[in-house]
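Report on the following structure.
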Amino acid sequence: MPLAPHFPVMLRTEDGVRIDAAHTPSARTDVGIVVAHGFTGSWRDRTARRIVHVLSGYGGVIAFDFRGHGRSGGETTVGDLEILDVQAAVRHARVIGYSKLAVVGFSMGAAVAVRHAGLRGGVDAVVAVSGPARWYYRGTKPMRQVHWAIEQPFGRWAARVAKRTRIARGQWDPVPMPPHEAAGLISPTPLLIVHGDADTFFPLDHARQLYGGAREPKELWIEPGFGHAESAATPELVRRIGKWISSNFS
């Protein structure tokens, strides 16, 4: 099945970073869905395009590359200033006419979606898939590898060459509010947390900590056999997420 047609968009953040994006229209013209990818990802990845294709059955989709990723400018701050990237996509979605807006984030994008909704607001629903609840987690081998890529010069070089991901050097100063705290600021906007019991990056306690930090309305889906983020998300799971968004916009 061919993927839904998309149209390139160039966005600009409040701090002047150029963001590469795409708009995939939908038959439902009142609902917009912003999709935020994971660390080292891109809206141009095949897995991301398949997710956009499915979600476009429930609303028009704005997908974008975070700063420091793909064809976007700047360097990634791995979840801090990325809320400005989401804000640029949200602003564009409003400008082109979407009156109801959901943000769906995966992994790092889930953390950013939660932090954006809590700190900036202006959205009508939030979905966090495979997201961390707190910073500096090193309890799994994949996350130890992620921290190596972020913290070591050779790791940053490898990420740039292999994944087209440019990582900012240095430590956060100040340390940004963690997702589980930002989750408490999202209400009354509905929040859906989706996490797999086979996630090799973040165990289920991250999902439960996010859920515990949030206030109603909130939902937690623990998905049996589901791994991590975009690469593990089946069309059936993405359709269920799309139906959840629609149920909040009926």
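The values are calculated or read from the model by the stated rules, or taken from the named source; none is laboratory data. The shown structure was predicted, so the numbers you read here are calculated from the model rather than taken from an experiment. Because the Cβ atoms are built from the backbone with ideal geometry, glycine has one as well, and the counts that use them run over all protein chains shown. Ligands, DNA and RNA are stripped out before the accessible areas are found, and what is left, the full protein with its side chains, is counted by its heavy atoms. Shrake-Rupley method; radii C 1.70, N 1.55, O 1.52, S 1.80 Å.
Let's see how each residue does on (1) open to solvent by 10 Å² or more (accessible area, probe 1.4 Å); (2) in contact with a Leu (Cβ under 6 Å, 6 or more places away or on another chain); (3) of a type in the set (F, W, Y):
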{"residue": "D80", "(1), (2), (3)": "yes, no, no"}
{"residue": "D85", "(1), (2), (3)": "no, no, no"}
{"residue": "A88", "(1), (2), (3)": "no, yes, no"}
{"residue": "H92", "(1), (2), (3)": "yes, yes, no"}
{"residue": "K100", "(1), (2), (3)": "yes, no, no"}
{"residue": "M108", "(1), (2), (3)": "yes, no, no"}
{"residue": "A111", "(1), (2), (3)": "no, no, no"}
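The set of residues in region 44-66 being open to solvent by 10 Å² or more (accessible area, probe 1.4 Å) and part of a loop (DSSP other than H, G, I, E, B) consists of R44, D45, S56, G57, Y58.
Is there a residue being out of contact with any helix residue (DSSP H, G or I) (no Cβ under 7 Å at 6 or more places or on another chain) and closer than 22 Å to D199 by Cβ anywhere in region 114-128? Yes; the residues of region 114-128 include at least one that is out of contact with any helix residue (DSSP H, G or I) (no Cβ under 7 Å at 6 or more places or on another chain) and closer than 22 Å to D199 by Cβ. Across region 103-148, the number of residues qualifying as in contact with a Gly (Cβ under 8 Å, 6 or more places away or on another chain), of a type in the set (A, V, I, L, M, F, W, C) and part of a helix (DSSP H, G or I) comes to 7. Please determine whether any residue of region 19-42 is open to solvent by 40 Å² or more (accessible area, probe 1.4 Å), among the charged types (D, E, K, R) and over 26 Å from P142 (Cβ atoms). Within region 19-42, one or more residues are open to solvent by 40 Å² or more (accessible area, probe 1.4 Å), among the charged types (D, E, K, R) and over 26 Å from P142 (Cβ atoms).
Residue-by-condition table, conditions (1) open to solvent by 80 Å² or more (accessible area, probe 1.4 Å); (2) touching a helix residue (DSSP H, G or I) at 6+ places or on another chain (Cβ under 9 Å); (3) touching a residue at least 40 places away in the same chain (Cβ under 8 Å):
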{"site": "I150", "(1), (2), (3)": "no, yes, yes"}
{"site": "W157", "(1), (2), (3)": "yes, no, no"}
{"site": "H180", "(1), (2), (3)": "no, yes, yes"}
{"site": "A183", "(1), (2), (3)": "no, yes, yes"}
{"site": "H206", "(1), (2), (3)": "no, yes, yes"}
{"site": "I222", "(1), (2), (3)": "no, yes, no"}
{"site": "P235", "(1), (2), (3)": "no, yes, yes"}
{"site": "V238", "(1), (2), (3)": "no, yes, yes"}
{"site": "S246", "(1), (2), (3)": "no, no, yes"}
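Within region 126-135, is there a residue that is open to solvent by 10 Å² or more (accessible area, probe 1.4 Å), of a type in the set (A, V, I, L, M, F, W, C) and farther than 15 Å from V34 by Cα? So far as region 126-135 goes, yes, one or more of its residues are open to solvent by 10 Å² or more (accessible area, probe 1.4 Å), of a type in the set (A, V, I, L, M, F, W, C) and farther than 15 Å from V34 by Cα. Across region 2-18, the qualifying residues are those that are within 29 Å of A168 (Cβ to Cβ) and touching a strand residue (DSSP E or B) at 6+ places or on another chain (Cβ under 7 Å), and the one among them that is most open to solvent (accessible area, probe 1.4 Å) is R12.
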